[in-house]
1. Inspect all residues belonging to the range 143-151 and state whether any of them is within 18 Å of L24 (Cβ to Cβ), surrounded by fewer than 17 Cβ atoms within 10 Å (Cβ to Cβ) and of a type outside the set (K, R).
2. Determine which single condition E94 fails, assuming it passes every other condition in (1) within 27 Å of A218 (Cβ to Cβ); (2) charged (D, E, K, R); (3) out of contact with any helix residue (DSSP H, G or I) (no Cβ under 6 Å at 6 or more places or on another chain).
3. If we keep just the residues of the range 278-294 that are surrounded by 14 or more Cβ atoms within 10 Å (Cβ to Cβ) and without any contact (Cβ under 8 Å) to a residue 24 or more places away in the chain, which is nearest to A326 (Cα to Cα)?
4. Kindly evaluate F301 against the criterion of being modelled with pLDDT of 95 or more, crowded, with 19+ Cβ neighbours inside 10 Å and in a helix (DSSP H, G or I).
5. If I ask for residues that are surrounded by 13 or more Cβ atoms within 10 Å (Cβ to Cβ) and either in contact (Cβ under 8 Å) with a residue 60 or more places away in the chain or within 17 Å of L37 (Cβ to Cβ) (or both), which ones from the range 76-97 would you list?
6. Sort out which residues of the range 305-321 are within 14 Å of V220 (Cβ to Cβ), touching a residue at least 60 places away in the same chain (Cβ under 8 Å) and assigned to a helix (DSSP H, G or I), and write them in order of number.
7. Specify the residue that is farthest from I19 (Cα to Cα); the eligible residues are those in the range 304-344 that are surrounded by fewer than 21 Cβ atoms within 10 Å (Cβ to Cβ) and among the small types (G, A, S).
8. Taking Q238 and the conditions (1) in contact with a helix residue (DSSP H, G or I) (Cβ under 6 Å, 6 or more places away or on another chain); (2) surrounded by fewer than 20 Cβ atoms within 10 Å (Cβ to Cβ), which numbered condition does it fall short on, given that it satisfies the others?
Amino acid sequence: MHSLPVNPAYRSSVSVWLITCTFLVFCMVWVGGLTRLTESGLSIVDWRPVTGAIPPITEADWQVELEKYRTSPQYKLVNKGMTIDEFKGIFWLEYLHRLLARVLGFCFLLPFVYFAVRRAFSKPFAFRMLGIFALGGMQGLVGWLMVKSGLQNDPWVSPVKLMFHLGLATIIFLLLLWTCFSVRRMNEVASISRNSGWHYGIAVGICVMLYIQILLGALVAGNDAGLTYNSFPLMDGQFIPDGLWDNLPMWSNFVGNITMVQYNHRIMAYVLSFVIVLFCWQGLKRYPQFATWYYAVLTCFIAQFMLGVFTLLLVVPISLAVLHQANAMLLMGFCLKIVFLLRHEAQPVKENTIIHKPLSVTP
């Protein structure tokens, strides 16, 4: 008999802690997308994990920050002549993004120490949470390396590093969310349900495809690929556009060719449309007890598809593009919930099954 991962006396407070951290990660992804779309991410040209938490206060402080920014390629090639008030506009967004990272670190670490001292959870659970914390530290380093890539010669961050940054944030979000599901269920060590079968496998496959689609979306954003081929469903009148393999070496087309990057994102969206609709249709028949979550996935995916189309047709308005990125995280979360339910609680409804009551026998 395995012990529970979390002491029942602390179940509620640990759940609130995990939900708070998960929400903060979601907010960081949302603000990160806004930072990218407004080209604010290169406004702070150094990385000071501790002292950087204090923003400029006096006009002299602001002048120092602006002078630092004037040494960057973005100022020299894009924003030359920017006033201090204009600089403040892009500075505050990047500062908020970094501040959220610091707040998340404290919100994660301080309660963790408290719960560990109180022995609120098992050692394996504690090591899992420390692993997630280490991923968070790695995420901060990856974020700085991404910013640094735009401070060298070109005023743009590396699309590959942007993809890695968003991909790692998504993994942290999903790990926290799965852990939260486990704590709320309070029986994480239960064996995998044998009733879900192939349906469970498809659910996992959809999560993998959605994760790949998020990475492809990061490449679209990193290459500003949404500013071209602003038609739907065809790309400049073609289903398979010219120029997919223009770059050399050939592999570089998948990360740096605007045509290929947008084409891959579209094709994955079409594949997901077919798979998710079929999956939810089957799921509603087999597992009506999970209907709320299947409808949530369907609704969220339709909204995501439409947001993607209108973001493209309207040439990437910031409001729609930010919603598109945030909604992708919600969709991943809903799909992960179905995977969790199918893994632990699946009891399919058998069609054409007649339940007979036992006959009472009178002696």
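The values are calculated or read from the model by the stated rules, or taken from the named source; none is laboratory data. Model, not experiment: these values are computed from the prediction. So basically every Cβ, Gly included, is an ideal-geometry build from the backbone, and we count neighbours across all protein chains shown.
1. Pass one, the range 143-151, residues within 18 Å of L24 (Cβ to Cβ): 143.
If we keep only those that are surrounded by fewer than 17 Cβ atoms within 10 Å (Cβ to Cβ) too, we end up with none.
No, because not a single residue in the range 143-151 is within 18 Å of L24 (Cβ to Cβ), surrounded by fewer than 17 Cβ atoms within 10 Å (Cβ to Cβ) and of a type outside the set (K, R).
2. Of everything listed in (1) within 27 Å of A218 (Cβ to Cβ); (2) charged (D, E, K, R); (3) out of contact with any helix residue (DSSP H, G or I) (no Cβ under 6 Å at 6 or more places or on another chain), E94 misses just condition (3).
3. Of the range 278-294, the ones surrounded by 14 or more Cβ atoms within 10 Å (Cβ to Cβ) are 279-280, 282-284, 286-287, 290, 293-294.
Filter again for without any contact (Cβ under 8 Å) to a residue 24 or more places away in the chain, leaving 280, 284.
Working: C280: 22, L284: 26 Å.
Here the answer is C280.
4. Numbers: modelled with pLDDT of 95 or more: yes; crowded, with 19+ Cβ neighbours inside 10 Å: yes; in a helix (DSSP H, G or I): yes.
Judged against the criteria, F301 is a match.
5. If the condition is that a residue be surrounded by 13 or more Cβ atoms within 10 Å (Cβ to Cβ) and either in contact (Cβ under 8 Å) with a residue 60 or more places away in the chain or within 17 Å of L37 (Cβ to Cβ) (or both), then V78, N79, G89, I90, F91, W92, L93, E94, Y95, L96, H97 are the ones that fit.
6. Start the filter on the range 305-321 by keeping residues that are within 14 Å of V220 (Cβ to Cβ), which leaves 307-309, 311-312, 315-316, 320-321.
If we keep only those that are touching a residue at least 60 places away in the same chain (Cβ under 8 Å) as well, we get 309, 311-312, 315-316, 321.
V309, T311, L312, A321 - these are the residues of the range 305-321 that are within 14 Å of V220 (Cβ to Cβ), touching a residue at least 60 places away in the same chain (Cβ under 8 Å) and assigned to a helix (DSSP H, G or I).
7. S319
8. The single condition Q238 does not satisfy is (1).
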